[in-house]
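Structure first, then comments.
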Amino acid sequence: MPNSKSPSRALLPRAADPARPVLVTGGAGFIGSHLVETLLAAGHAVHVVDDLSTGKLAHLAAVARHPRLRITVASIAEPQVAEAACATAGMVFHLAGAVGVQRLASEPLHVMQRNLRASDVLLAAAAAHRCPVLLASSSEVYGDGPVPFRESESLRPGSTEGLRGGYACAKAMAEWLALGHQQATGTPVLVARLFNTVGPRQVADHGMVLPRFLRQALAGAPITVYGDGAQTRCFAHVADVVQALVGLAQASGLEHTVFNVGSRVETAVGELAELVRAQSGSRSPIVRVPYAQVFPHGFVDPPRRVPCLDRLRAALGREPARPLAQIVAELLSEARNRAAEPAAEPAAEPATVRAAACD
Ligand code: UDP
């Protein structure tokens, strides 16, 4: 079994080193782009590697011309890309991966293979250069186990005949690989199991219940609650999640290697639909959609997903706790502002991206 002894020194020094950028794989994604902005604001140099399969350069529009940002449009699953990026990096936040329940349900093989391969290649390259890694894992690894989910528990990703467990196992396997490299080479590693994260720039295309409900409410379309709506999730604001990731990377002398990161406030999906409708003033009907109409046979929707955050709180002295009503209000006001803006000219491609794309 890999030794999961946590690194005694911080993965990310507080004093930025311009010669050793922080590598963010998946940095053009929803969480990644917020992390990139935070790291730049803290003075770090940042290297984004993203193949734009789910991320968008538009997510980085606010910092695209930042002098300390470099963007490489390429897949981190390509060994030469991972090797070159890790050779210069001071540390890696590995966020790249295919996500979204709808994608997972419709192309499980592709999602498993992509995630596993990207993690395998990146982690090997990082270990070869002794480059510390904060690995973004997922609450999916807990499957439908009893709540609250504790990091020390055995995982329950489910049967191989089910469709969802493959994604969970690919995530769990990435954790094992990261910890295996740590044991074999001494490369410092932390694992953050991310729970439901919401906020600006999250798209509704591949599942993601909150942006879907907001879009439906604002369009006056039916708000689609799957199943009976009694299933629960805990929603954390992306800014609080990013703050926790950076906090973990900057912490030294941590007692543990694996951390749940999210909110512990549990909300039923049916309640979320009511909240969105009430706060938006929408007259959309809330409709119940049987699982069989949206998911293939054998796809399990975890009935409850709640993290135990004791480790996170012990490490950082805080945890994501922004009230959901406040998050919904922020997203509604942002969506309304966007809708009120005149149609923008397509933005010119940032110079950093054009240059970096030739890497
Ligand atoms: N969900 C829903 N209506 C939608 C999309 C999702 O009721 O239009 C439910 C989904 O079945 C799950 C929860 O919302 O119980 C969260 O789904 P999401 O896709 O955001 O992520 P998950 O937590 O399942 O990974």
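The values are calculated or read from the model by the stated rules, or taken from the named source; none is laboratory data. All values derive from a computational prediction rather than experimental measurement. Virtual Cβ from ideal backbone geometry, glycine too; neighbours counted across all protein chains shown.
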> For region 287-331, what are the residues that are without any contact (Cβ under 8 Å) to a residue 60 or more places away in the chain and within 16 Å of the ligand (Cβ to nearest atom)?
Replying inline: 292, 293, 297
>> Please go through region 178-214 and give me each residue that is part of a helix (DSSP H, G or I) and either in contact with a strand residue (DSSP E or B) (Cβ under 9 Å, 6 or more places away or on another chain) or within 16 Å of the ligand (Cβ to nearest atom) (or both), ordered by number.
In response: 178, 179, 181, 182, 209, 210, 211, 212, 213, 214
> Given the residues 38, 54, 72, which is the only one that is within 28 Å of residue 164 (Cα to Cα), of a type in the set (S, T, N, Q) and in contact (Cβ under 8 Å) with a residue 40 or more places away in the chain?
Replying inline: 54
>> Cβ contacts < 6 Å: first residue under 20 Å from residue 99 (Cα atoms), restricted to region 184-197; second residue small (Gly, Ala, Ser) and outside any strand (DSSP E or B), any location; separation 6+ or different chain. Result?
In response: 193/139; 195/139; 195/262
>> Quick check on region 102-140: of everything there that is among the acidic types (Asp, Glu) and over 17 Å from the mean Cα position of the chain (by Cα), which residue is farthest from residue 301 (Cα to Cα)?
In response: 120
>> Suppose the filter is part of a loop (DSSP other than H, G, I, E, B), within 23 Å of residue 140 (Cβ to Cβ), in contact (Cβ under 8 Å) with a residue 40 or more places away in the chain and aliphatic (A, V, I, L, M); does residue 241 pass it?
In response: no
> How many of the residues making up region 290-318 are under 28 Å from residue 165 (Cα atoms) and part of a loop (DSSP other than H, G, I, E, B)?
Replying inline: 15
>> Can you go through 268, 278 and tell me which one is over 23 Å from the mean Cα position of the chain (by Cα), more than 17 Å from residue 309 (Cβ to Cβ) and not charged (D, E, K, R)?
In response: 278
>> Condition first: surrounded by fewer than 22 Cβ atoms within 10 Å (Cβ to Cβ) and more than 20 Å from residue 251 (Cα to Cα). Can you find one or more residues in region 19-35 that meet it?
In response: yes
> Taking region 166-180, which residues are surrounded by fewer than 24 Cβ atoms within 10 Å (Cβ to Cβ) and of a type in the set (Ser, Thr, Tyr)?
Replying inline: none
> Conditions: (1) in contact (Cβ under 8 Å) with a residue 60 or more places away in the chain; (2) surrounded by fewer than 14 Cβ atoms within 10 Å (Cβ to Cβ); (3) not hydroxyl-bearing (Ser, Thr, Tyr). Residue 43 meets all but one. Number of the miss?
Replying inline: (1)
>> I'm checking my understanding of the structure. Among residues of region 215-228 that are in contact with a strand residue (DSSP E or B) (Cβ under 6 Å, 6 or more places away or on another chain) and farther than 14 Å from residue 331 by Cβ, which one is farthest from the ligand (Cβ to nearest atom)?
In response: 222
> Where residues in region 268-286 are crowded, with 16+ Cβ neighbours inside 10 Å and closer than 12 Å to residue 230 by Cα, which of them is nearest to the ligand (Cβ to nearest atom)?
Replying inline: 269
> How many of the residues making up region 136-177 are within 16 Å of the ligand (Cβ to nearest atom) and either not in a helix (DSSP H, G or I) or not β-branched (Val, Ile, Thr) (or both)?
Replying inline: 27
>> Is it the case, given these coordinates, that residue 239 is away from the ligand (no atom under 13 Å from the Cβ) and either touching a Gly at 6+ places or on another chain (Cβ under 8 Å) or at pLDDT below 95 (or both)?
In response: yes
